[in-house]
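Below you'll find the structure, written out as structure tokens, and then a few comments.
The values are calculated or read from the model by the stated rules, or taken from the named source; none is laboratory data. Just so we're clear, the structure is a prediction, and the values are computed from it rather than from any experiment. Neighbour counts run over all protein chains shown; Cβ positions are idealised from the backbone, glycine included.
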Amino acid sequence: MYVVRPVEPADVGALEALLAASTPGVHTLPRTREKISALVERSSASFAAHVDIPSEETYLFVLEDLEQGEIVGTAAIHASAGSNGTYFAFRNDVIQQVSRDLNISHSVHALTLCSELTAYSQLSGFTIRDREKAGKEAALLSRGRLLYAVLAPHRFGDRFFVPLAGVTDDKGQSPFWDALGRKFFKMDFLDAERVIGGARNRTLIVELMPHYPVYVPLLPGPAQEAMGQIHPSGELAFNLLTEEGFEADEYVDIFDGGPILQAHRNALRSFCGSMVRRVATQDQPPGAPAQLDTMVNYAVASSERNFRAVVVACTPAESGTTLCLPSWTRKALQVAPGDNVICVRI
Amino acid sequence: MLVIRAITLDDVDPLIEMARQVGSGMTTLKPDRDMLGERVTIAVASFAQTIPPEERDYMFVMEDTSNGRLAGVCAIKAAVGLNEPFYNYRIGTLVHSSRELNVFTRMDTLYLSNDLTGSSELCSLFLMPEYRTGSNGKWLSKSRFLFIAQFQQLFTEKIIAEMRGYQAEDGTSPFYEGLGRHFFKMDFDHVDGLTAVGKKSFIAELMPRQPLYVAYLPDDAQSVIGQVHRSTLPARKLLEQEGMHYEGYVDIFDAGPVLQGRVSELRAVRDSVPTVADEGAPEGECDITLVSNTKLEDFRMILTLACNGGAKVALSRRELQLLHCQAGDPVRTLSLNVRKNTNG
């Protein structure tokens, strides 16, 4: 049994241990205790803030294993990706080349440095322990932050995106970087990621990266193959996000060419498929054993002010006004019968 | 003897015969009767001044008067790019610099440009193999500069010459393989052929419109930018001696250099001498010299030993006949070779 909740100051130690074991090369969450503390503070301030326009807030969520009392995962949302700068990405453009006179028509694929993701909300920092063994709780963790956005839409943009780490070899070299960024930065991929702190919204990107379209056919084969490909560590996140309704292919990362998934919130299942239901105890209506077959898994979230989310099997709630929750769930969500929750099928 | 003269309509058939020997790589001389016939008609009208200056195309032939055969051909187009777009890549520089990271990167770029639109172009130079001896090639090439010096008012200030780009042993162009092929999806020969039949601008429409970083191209494509075909090196040197320079414009297909010059700075314009023909034998210190008459419609030129600096230039009776001149007629002279004491 797991719960997703906002991070708390007491979690810093557990986070440090969890993040130390996560995949290197993914720079979205800090690893030092000092920086983790700062992030937790920022997150707490963000949850407490009264927000009119999404800006610099970062919301960090943790996945807690209730039985072990352990933190086993993290996930975050930045309210506005470019809050202190412009968020840069490569947009996949297709340029149609047509010559009627020569009877030639073909399309040329080009990458254009763009800043249109700046006002989007950005999902990041998806980390889960024992990724290979993860079950429904991984879906809960990924979706929990979106349920928070459903409960507090004014805190976020209309559109969301998620950058996923691109392909690197065992030495940390990125074929995409070698064909592109290296020519401008004159340094190794990991060195560049370190000096820029994993950020994509720094002025030096404008100073160094190409302003003109990069014609993909001119890139060497390995760089072309790496475009839009995920690092194996990102496969779970990729699958969860595409099920959620995120779409790949339109943007890639300017450094490693990894996919940037994006969607309007109306295209996300958490937004369009979630329902508000009144909490009821599981005994009403009286449960018959046969009903177990018809139980479905829901991600259930409580409220903006005291946000908690769990995944639980319940009787289908589509046709009723109530959602029957077992007592551990009500306890984890900190809700009582009669309170409203939102739920979405997983 | 050989004479270089304005082309006439009678030259069409021998010109087609010559074009058969040109082979690929020379896009403006293909053995196509309609194309060449039309071009000669325009050239004749150009010398007759019956068409506007910017539409003119001055074609010259080198004729062997001993047998009446054509030995070579060359031309000057008065202005390029006025009927269909004239494309080149301009090599530019973009600096990407970050003080914060202490990175300073200087990148060469290729900009698709029409910058040379309206320039006069030297083109279509071909000398029959059996006449490639002595100074014939040099003379044929340089004859155009003397023509320009005599008729400066007919040309724009800028003169250009497109040079054939580098090709590998197997005839492929590394630049084309690294760039153009991705956008045209056809072989260089095919592109070359389309260029010849006046479809170059259609092809250019398929080129990327945005500047390209040279660093994206494969190394062998990068290294041949601005390099001429091996067989074109002597031609390039000749033009450079006459005051033309490579200034960063290249062909969009094979990256061959475009040489550019200002009319007022051409050696021929600065050093050629308007003088008067005289009948006689040269005396004193003599040079191999181009001597032309000053008649546009019946332009003729010979190469001879002549003395410099006099108020008159002594020519034999036969030479005067070749020039369609008589003693006392104005002529213009230019030493074939660059004098060491003037511009080295």
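Overview of values
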item	result
Residue in the range A:231-243 that is part of a helix (DSSP H, G or I), crowded, with 16+ Cβ neighbours inside 10 Å and within 14 Å of chain B (Cβ to nearest Cβ) present	no
Residue match in the range B:290-297 (condition: hydrophobic (A, V, I, L, M, F, W, C) and buried (at least 22 other Cβ atoms within 10 Å of the Cβ))	yes
Filter result for A:Ala152 (among the aliphatic types (A, V, I, L, M), touching a residue at least 12 places away in the same chain (Cβ under 8 Å) and more than 14 Å from chain B (Cβ to nearest Cβ))	yes
Test: A:Leu146 is away from chain B (no Cβ under 14 Å), within 25 Å of A:Ala267 (Cα to Cα) and in contact with an Asp or Glu (Cβ under 8 Å, 6 or more places away or on another chain)	yes
Tabulated pairs, the range A:202-222, first more than 8 Å from chain B (Cβ to nearest Cβ), second at pLDDT 90 or above and assigned to a loop (DSSP other than H, G, I, E, B), C-beta under 6 angstrom, 6+ apart or interchain	A:Ile205/A:Phe88
Top-ranked residue of the range B:181-218 - restricted to ones that are aromatic (Phe, Trp, Tyr) and in a helix (DSSP H, G or I), ranked as surrounded by the most Cβ atoms within 10 Å (Cβ to Cβ)	B:Tyr216
Within the range B:224-246, tally of residues that are part of a loop (DSSP other than H, G, I, E, B), touching a helix residue (DSSP H, G or I) at 6+ places or on another chain (Cβ under 7 Å) and of a type outside the set (Gly, Ala, Ser)	3
From the options A:Leu113, A:Leu117, residue that is in contact (Cβ under 8 Å) with a residue 12 or more places away in the chain, in a strand (DSSP E or B) and either under 30 Å from A:Arg155 (Cα atoms) or not aliphatic (A, V, I, L, M) (or both)	A:Leu113
Selection status of B:Gln153, at pLDDT 90 or above and assigned to a helix (DSSP H, G or I)	yes
Test: A:Val51 is more than 27 Å from A:Met1 (Cβ to Cβ), of a type outside the set (Ser, Thr, Tyr) and within 14 Å of chain B (Cβ to nearest Cβ)	no
Qualifying positions in the range A:185-214 - buried (at least 22 other Cβ atoms within 10 Å of the Cβ) and over 25 Å from the mean Cα position of the chain (by Cα)	A:Phe185, A:Leu208, A:Pro210, A:Val214
Hits in the range A:250-271 (condition: assigned to a loop (DSSP other than H, G, I, E, B) and either hydrophobic (A, V, I, L, M, F, W, C) or in contact with a Cys (Cβ under 8 Å, 6 or more places away or on another chain) (or both))	A:Ile254, A:Phe255, A:Leu268
Flag for A:Glu16 being over 25 Å from A:Ser80 (Cβ atoms) and either surrounded by fewer than 20 Cβ atoms within 10 Å (Cβ to Cβ) or at pLDDT below 90 (or both)	yes
Sole exception among (1) within 14 Å of chain B (Cβ to nearest Cβ); (2) touching a Lys or Arg at 6+ places or on another chain (Cβ under 7 Å); (3) modelled with pLDDT of 90 or more for A:Gly181, by number	(2)
Some residue of the range B:110-117 being at negative phi, surrounded by fewer than 22 Cβ atoms within 10 Å (Cβ to Cβ) and of a type in the set (A, V, I, L, M, F, W, C)	yes
Lone unmet requirement of (1) at pLDDT 95 or above; (2) in contact with a helix residue (DSSP H, G or I) (Cβ under 9 Å, 6 or more places away or on another chain); (3) of a type in the set (A, V, I, L, M, F, W, C); (4) closer than 24 Å to A:Phe176 by Cα for A:Ala248	(1)
Residue count, the range B:271-296 (criterion: among the charged types (D, E, K, R), outside any strand (DSSP E or B) and at pLDDT below 95)	3
Qualifying residue in the range B:74-85 (condition: more than 21 Å from B:Gln153 (Cα to Cα), assigned to a strand (DSSP E or B) and away from every other protein chain (no Cβ under 14 Å))	no
Residues located in the range A:120-136, provided they are in a helix (DSSP H, G or I) and of a type in the set (Asp, Glu)	A:Glu132
B:Tyr58 vs. criteria within 14 Å of chain A (Cβ to nearest Cβ), among the aromatic types (Phe, Trp, Tyr), under 22 Å from the mean Cα position of the chain (by Cα) and assigned to a strand (DSSP E or B)	no
Hits in the range B:95-108 - residues which are more than 8 Å from chain A (Cβ to nearest Cβ) and either of a type in the set (A, V, I, L, M) or part of a strand (DSSP E or B) (or both)	B:Val95, B:Phe104, B:Arg106, B:Asp108
Filter pass, B:Phe175 being more than 30 Å from B:Ser292 (Cα to Cα) and more than 23 Å from the chain's Cα centre (by Cα)	no
The range B:193-235, subset of a type outside the set (Phe, Trp, Tyr) and in contact with a Ser or Thr (Cβ under 6 Å, 6 or more places away or on another chain), residue farthest from the other protein chains (Cβ to nearest Cβ)	B:Ala196
Qualifying residue in the range B:271-279 (condition: without any contact (Cβ under 8 Å) to a residue 40 or more places away in the chain, away from chain A (no Cβ under 14 Å), surrounded by fewer than 18 Cβ atoms within 10 Å (Cβ to Cβ) and hydrophobic (A, V, I, L, M, F, W, C))	no
Selected residue (only one of B:Ala221, B:Ala268 is in a helix (DSSP H, G or I) and under 20 Å from B:Thr156 (Cα atoms))	B:Ala268
Check on B:Ala48, within 19 Å of B:Met301 (Cα to Cα), under 20 Å from the mean Cα position of the chain (by Cα) and small (Gly, Ala, Ser)	no
Single residue of A:Ala76, A:Ala89 found to be crowded, with 20+ Cβ neighbours inside 10 Å, of a type outside the set (Val, Ile, Thr) and closer than 28 Å to A:His211 by Cα	A:Ala89
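One line per residue, one yes/no per condition, for (1) more than 22 Å from A:Ala149 (Cβ to Cβ); (2) modelled with pLDDT of 90 or more; (3) not basic (Lys, Arg):
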site	(1), (2), (3)
A:Ala267	no, yes, yes
A:Ala290	yes, no, yes
A:Val310	no, yes, yes
A:Gly338	yes, yes, yes
